[in-house]
Amino acid sequence: MTDRFILVLDAGTTSTRAMLYLPDGRRIATAQADLTQYYPRSGWVEQDAEEIWQHSLACARQMVERAGGVDGITAIGITNQRETVVAWDRSSGEPLHRAIVWQDRRTAAECEALREAGHEPMLQRRTGLVVDPYFSATKMRWLLDHASAVGQTGERLALGTVESWLVWKLTGGLHITDASNASRTQLMALDGDGWDSDLCALFGVPSAALPEIVDNAGVFGEARADVLGGPVPICGLAGDQQAATIGQACLRPGDAKATLGTGAFILANMGEAMPTSGHRLLGTLLYRIGERRAYALEGSIFVAGSLIQWLRDRLGLIEAAEDSEALARSVPDNGGLFVLPALVGLGAPHWRPQARGAITGLTQGTTRAHIVRAALESLSHQIHDLADAFAADGAPWRLLRVDGGMSANDWIVQDMANMLNLRVDRPSDVETTALGAAMLAGLGAGLFGSLEEASSMASQATRFVPDMGVKERAARLRGWHDMLAAHA
C-alpha cells in the first residue's frame with residue numbers, strides 16, 4: 001500500500017471541491033469554491049461550464065501543492081452532479097452554452113408530450129427512469145433546438161455531463177463518461193454497454209456527439225502535465241449519488257443510504273438484479289467494473305439543502321445554515337405549520353414537475369423559528385414517503401446511512417430517525433461522495449483488489465435511534481399528506 005495521496009474532484013451543484021485522501025481513508029485536506037447559479041426564467045437553472053472547470057482546476061492545484069507536487073499523487077477520482085448537461089466545441093474546447101443543471105424544468109412540456117405519446121412505460125422498462133425534465137436527454141435536445149451555437153456546430157459538437165467535461169479539460173480531449181452517469185441520461189439501456197440507438201433516435205440526440213461509456217474504475221487517461229504540473233492517471237469516475245453509496249460501503253443487496261445535499265437522494269443496493277418499480281422509484285446502475293454490475297433503486301428529492309439556502313439568501317430568516325438547528329430546537333413543535341418544498345417541482349415518488357412550494361398553517365403566533373423548523377421537517381416527511389415506496393417495491397430499509405452537508409445537523413438526523421421509526425447511522429466523515437470516488441480511484445489504480453477491500457476506507461458511524469411516540473408521528477404525517485392533497 002502506498003502512502004501517496006488520491007486526489008478527488010467533487011463537482012457538486014452549489015460548489016466544487018478537491019480533496020486529498022490517504023489509502024486508509026483519512027481525508028487530509030480540502031479546497032472548495034462556490035459555483036454561480038443562474039435563473040434566467042422561472043424553473044430554469046444554469047451554470048457556467050467554464051467556471052466549473054476553472055474553479056475545479058484551482059482547487060485541484062491547491063491540493064497538488066499540499067501533496068508536495070504530482071509525485072505525491074497516485075490517482076485522480078472524479079464525482080459530479082448528475083444529469084447536468086454541458087455542450088462544447090471539440091476544436092476549441094470552449095462551452096457553447098451555459099450548462100443546464102439537473103434541477104432545470106424547461107423541458108416539462110416535451111416530457112409531457114412523451115408521456116402522452118405512450119413512451120414512458122418503455123422508457124421505464126429500458127432505462128429504469130420515468131419521463132421527467134430531471135434527466136439529460138431532453139436537456140440535450142433542447143440545446144440542439146434552441147441554442148444556435150450548439151445546433152450549428154455539427155461534427156465538432158461534444159455533449160456530456162460534468163465529469164465528461166472535466167475529463168476533457170484535464171486530458172486535453174479525452175471524451176468519456178462512466179456507466180453510472182450514462183445510466184442517468186435516458187440514452188443508455190440499463191442492461192446495455194453503450195448508447196442505445198433507438199433511445200438516441202427517440203430523443204433526437206446524435207450519438208456521435210456523446211462520449212464513450214467506460215467502467216467506474218480503471219486507468220482511463222492522464223491529466224496533462226501542463227494542467228497539474230505533471231501527468232496523473234484518472235482512475236475513478238462516478239455520479240455523486242452512486243459514489244456516496246459506495247463511500248457508505250453499501251455493497252450488499254438491501255444496504256441503503258441517503259445523501260442530504262442540495263437535494264436528497266436515497267439509493268438501495270439491489271445487487272445484480274435489474275431493478276423495477278411499481279411506485280415510481282428509479283432504477284439506476286450503481287457501478288460497472290469489468291464483468292461485474294450492481295444496480296440500485298433510487299428515490300430523488302429535488303430540494304433539501306437548497307431549501308436552507310433559500311431561507312438564508314432569499315427570505316433572510318437565518319444568517320448561516322448552522323443557525324437552523326438552534327432555531328428548530330427553540331420551539332417545541334412546528335406550531336401547526338407545514339412546508340411543501342417544491343421550489344423546482346416535486347421528485348419521487350410524486351413526480352410533479354409543475355408543483356410549486358407552499359407554506360400552510362400560518363397564524364399571528366407563527367415565528368421564524370416555526371417556519372425554519374417546518375422547513376427542516378419537510379425533509380423527513382419526503383423521506384418517509386420514499387421509505388413507503390421502497391418497502392412497497394420489496395426493498396424495505398433495515399437501517400439508513402446518511403451523509404452530505406445537511407447530515408451534520410443532529411436535529412435533522414434525529415427527526416429522520418423519529419419519522420422513519422428506524423435507526424439512522426451517520427459516518428464520522430460525512431463527505432462520502434468524495435470518499436466513494438477515492439475508493440474507485442484506488443481500485444482503478446491497483447491499490448485495492450475489490451470494492452469490498454476498498455471499503456476499509458469508510459469511517460465509523462454515530463447511531464441515531466427513534467424516540468418519538470406513535471401519535472405524534474401520525475399527526476405529523478397526517479398534516480403533511482393533507483397539504484400534499486391540497487396542492488395536488
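No value in this document is a laboratory result; all are computed from the given coordinates. These figures come from a predicted structure and were not determined experimentally. Cβ sites come from the backbone with ideal geometry, for glycine too, and all protein chains shown count toward neighbours.
This model, with +1 at the C-beta of Lys and Arg and -1 at the C-beta of Asp and Glu, gives region 5-241 a dipole about its Cα centre of some 340 debye. Since only Leu477, His119, Leu297 are under comparison, the one whose Cα sits farthest along the positive direction of the charge dipole of the chain, derived from C-beta charges on Lys, Arg, Asp and Glu, is Leu477. Per-residue 3J(HN,Hα) values for region 351-366, derived from phi via the Karplus relation 6.51 cos²θ - 1.76 cosθ + 1.60 with θ = phi - 60°, read 6, 10, x, 8, 4, 10, x, 7, 10, 10, x, 5, 9, 5, x, 5 Hz in sequence order (x marks Gly and Pro). Dipole of region 5-241 computed with +1 at Lys/Arg Cβ and -1 at Asp/Glu Cβ about the Cα centre; of Gln47, Ala189, Ile234, farthest Cα towards the positive end is Gln47.
Sparsely packed loop sites in region 62-95 (the trypsin sites (Lys or Arg not before Pro) outside DSSP H, G, I, E and B with at most 15 other Cβ atoms within 10 Å) comprise Arg90.
For the chain, the mean residue ellipticity at 222 nm estimated from helices alone is -10000 deg cm²/dmol, where every DSSP H run of n ≥ 4 contributes -39500 (n - 2.57) and the total is divided by all residues, rounded to the nearest 500. Inter-label distance, Ala108 to Arg41: 1.2 nm, where each label sits 7 Å from its Cα along the C-beta direction.
Scan region 275-339 for trypsin sites (Lys or Arg not before Pro) in coil per DSSP, keeping those whose Cβ has at most 12 other Cβ atoms within 10 Å, and list them by number. Please list the in-between numbers first.
On the way: sites: Arg280, Arg288, Arg292, Arg293, Arg312, Arg314, Arg329; in loops: Arg280, Arg314.
Passing both the DSSP loop test and the Cβ count: Arg314.
Order the peptides 118-126, 12-20 from the highest to the lowest mean number of other Cβ atoms within 10 Å of their residues. Let's see the in-between values first.
Numbers: 118-126: 14.8, 12-20: 22.6.
Averaged packing, sorted descending, gives the order 12-20, 118-126.
Ala488 to Lys471: extension gain in nm, 0.36 nm per residue of separation minus the Cα-Cα distance?
Working: separation 17, 0.36 × 17 = 6.12 nm, distance 2.56 nm.
Gain in length upon complete extension: 3.6 nm.
A Förster radius of 51 Å, combined with the Cβ-Cβ distance separating Asp71 from Ala321, puts the computed FRET efficiency at roughly 0.85.
The mean sequence distance of close C-alpha pairs (under 8 Å, at least 6 residues apart), as a share of the length of the chain, puts its relative contact order at 15 percent. Rounded to the nearest 10 degrees, what's the angle between the helix 432-444 long axis and the longest principal axis of the chain, both from Cα atoms, 0 to 90? Between the helix axis and the principal axis of the chain, the angle is about 30 degrees. Between helix 162-171 and the chain there is an angle of about 30 degrees, using the helix long axis and the longest principal axis of the Cα atoms.
Please say if region 372-435 is rounded, prolate or oblate, where rounded means a/c under 1.5 for a ≥ b ≥ c the square roots of the C-alpha gyration tensor eigenvalues, and otherwise the choice is prolate for a/b larger than b/c and oblate otherwise?
Oblate, because a/c is 1.5 or more while a/b does not exceed b/c.
Taking GluC sites (Glu not before Pro) that fall in a DSSP loop and have at most 13 other Cβ atoms within 10 Å as cut points, what is the longest piece of the chain between them? Walk me through the numbers before you get to the answer.
Details: sites that count: Glu272, Glu291, Glu319, Glu322.
Answer from the scan: 1-271.
What's the exposure ranking of Ile266, Ile28, Ile73, going from fewest to most Cβ atoms within 10 Å?
On the way: Ile266 28, Ile28 13, Ile73 23.
Fewest-to-most Cβ neighbours within 10 Å comes out as Ile28, Ile73, Ile266.
Along region 459-474 the Karplus relation, 6.51 cos²θ - 1.76 cosθ + 1.60 evaluated at θ = phi - 60°, assigns HN-Hα couplings of 9, 6, 10, 9, 9, 10, 10, x, 9, 10, x, 4, 5, 5, 5, 5 Hz to successive residues, with x for each Gly and Pro. The alpha carbon centroids of region 258-290 and region 338-396 are separated by 21 Å.
Which percent, to the nearest 5, of DSSP beta bridges fully inside region 140-276 are antiparallel?
Working: 9 of 12 bridges.
Bridges in region 140-276 are about 75 percent antiparallel.
Applying D = kT/(6 pi eta Rh) to the chain, where Rh is the Kirkwood radius over alpha-carbon pairs, T corresponds to 20 °C and eta to 1.002 mPa s, the Stokes-Einstein value obtained is 95 µm²/s.
When +1 charges are put on Lys and Arg Cβ atoms and -1 charges on Asp and Glu Cβ atoms, the dipole computed for the chain relative to its Cα centre reaches about 820 debye. Amide H contacts of Ala87 (H built 1.01 Å from N, in plane; Pro and chain starts excluded): Leu96, His97 sit under 5 Å, all sequence-distant by 5 or more or on other chains. Against the chain, whose longest principal axis is taken from its Cα atoms, helix 368-392 shows a tilt of about 70°.
3J(HN,Hα) couplings calculated from phi for region 240-250 with the Karplus curve 6.51 cos²θ - 1.76 cosθ + 1.60 (θ = phi - 60°) are, in sequence order, 4, 6, 5, 4, 5, 4, 5, x, 7, 6, 7 Hz; Gly and Pro show x.
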